[in-house]
1. Top mean-square fluctuation among Ala205, Ala61, Ala179, Gaussian network model of the chain, C-alpha springs under 10 Å?
2. Can you give me the Cα centroid spacing of region 387-414 and region 162-217 in angstrom?
3. Given the alpha-carbon gyration tensor of region 87-140, what are the semi-axes of its equivalent ellipsoid in whole angstrom, ordered largest first, with each equal to the square root of 5 times an eigenvalue?
4. Taking region 388-427, how much of its Cα-Cα pair set, in percent, is spaced more than 16 angstrom apart?
5. Count charges around Ala226 for me, please; just the other residues with Cβ under 15 Å from its Cβ, Lys/Arg as +1, Asp/Glu as -1.
6. Taking one equal scatterer on every alpha-carbon of region 284-357, how large is log10 of I(q)/I(0) by Debye at q = 0.11, 0.21, 0.25 1/Å?
7. May I ask you to give the average projected area over all directions of the convex hull of the Cα atoms of region 196-310, in nm² rounded to one decimal?
8. Per DSSP H run of n ≥ 4, the term is -39500 (n - 2.57); total these for the chain, divide by its residue number, and report the mean residue ellipticity at 222 nm rounded to 500 deg cm²/dmol.
Amino acid sequence: MRRNIFGATSTTVVLGLLIPLAGCGGSDDSAGGEGTLRLVAAEYGDGAATSSKPYWEKVAADFSEQNPGIKVEVTLLPWADIDSEVTRMVKAGKAPDIALMGSYSDFAARGELYPADELLSITAEANFLQPLADAGSVGSTLYGLPFVASSRLMFYNKGLLDKAGVKTPPKTWSELKAASKALKDKGVKYPFALPLGPEEAHAEAMIWELSNGGGYADSSGNYNLASEQNIETWRWVKENMVDTGFTGPTAPSRTNRADAFAAFLQGDVGMLNGYPSLAHEARAKGIDVGTVSMPVSDDLGTGETPPAVGVADWMMAFRQNGRRAEIGKFLDFVYQDKNLSEFANRYHLLPSTVTASRTPAGGGLDKNDQQFLNALRGAQLYPVNDPSWVTVSDTIKRNIGRAVEPAGDPKAVLEDIASQAGQAARKQR
């Protein structure tokens, strides 16, 4: 999964090595000895001011001070490049010891990763929030260690809704349609921003499909992309939101998440789905913003509450260099409450552990982020533990926008996506 929780773009430069080498050399699995650990991590910032570099410099220096025989070399790569670059390194026999990126399951399927129980204490492994631990596991074995996460809620501009006479945020699709009409009648450019462009369309699609009792997989965990619920979801969205002009003047298939967020921060969007950092940015710009659960289909049973969408990034440890003991020491250090929370707070994300999100040592969460944490506890994540997910998610991103185009046929589009997903899954077997 190539995700953009914070929105770092593909133009982010490679910041290179942060900590100088202090002697390399092999180490067997049980040594716990001296040498240099290599960490390749995604760059979360969008420029020098927000770069992850200062964080990793401090963590690496502090760790080495406590573990004099082990140095840490950190390389930051753009989100657009890191998955393919780490794959290239592994194939070339030059795997990093640790990577922080958006997907792990293809490496796990090939036996290239250490499982968590060979790296962390029982207490540390049990500290991950359950939905994240589930998504990081292949079978019952945890390979992808969740680092930071977010959940998705619907944002609304309180000022725009008030001017449109919408007294309370919508809870159902019919109320969402009515609120969107009221906003459009008042001249709001994007009553509901619908980003189905290739940047992150798979997230927006999953949010909508879950709100109608659908989603990407059935109860057995198999892809179910062209289910009746999903087809009905996109028929409703096309007929009631897109064809009516409620999603604005730009076609959803050409609207990326970053575009929608920028329009929201300019006061041009009434409602849209978003994650914690947007709330902080909006408030910093003086926008009175509210967040609620995604409105649900009027066809859902009374009292049914679909899960929110959750997203996480993953730490993974490679076997190739045989540095299990040193990796375990470093991960124990990184996952200390203060270190994990410092990174999460820097980018207004959610820490992945129970203790970091609730204890004073972990910094706790402000009341705005607490709502996202509550949603995350019951969230449904992408099927990232399926090795075919990287290909499947790309197929969704490139195609789902066609379902709501003027001549689009939601059923045909979803069946085409499902067919391509099936082919990708078969290749992994």
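The values are calculated or read from the model by the stated rules, or taken from the named source; none is laboratory data. Everything quoted here is computed from the prediction, not taken from an experiment. So basically every Cβ, Gly included, is an ideal-geometry build from the backbone, and we count neighbours across all protein chains shown. Ligands, DNA and RNA are excluded from the accessible area calculation, which covers all protein heavy atoms including side chains. Shrake-Rupley method; radii C 1.70, N 1.55, O 1.52, S 1.80 Å.
1. The residue with the greatest mean-square fluctuation here is Ala61.
2. 19 Å
3. 22, 12, 10
4. Details: 241 of 780 pairs.
Considering region 388-427, 31 percent of its Cα-Cα pairs are separated by more than 16 Å.
5. On the way: positive: Arg235, Arg402, Lys411; negative: Glu209, Asp218, Glu228, Glu232, Asp409, Glu415, Asp416.
Net charge in that neighbourhood comes out at -4.
6. Computed log10 I(q)/I(0) values: -0.54, -1.05, -1.18.
7. Numbers: hull surface 31.5 nm².
Reported value for the Cα convex hull: 7.9 nm².
8. -11500 deg cm²/dmol
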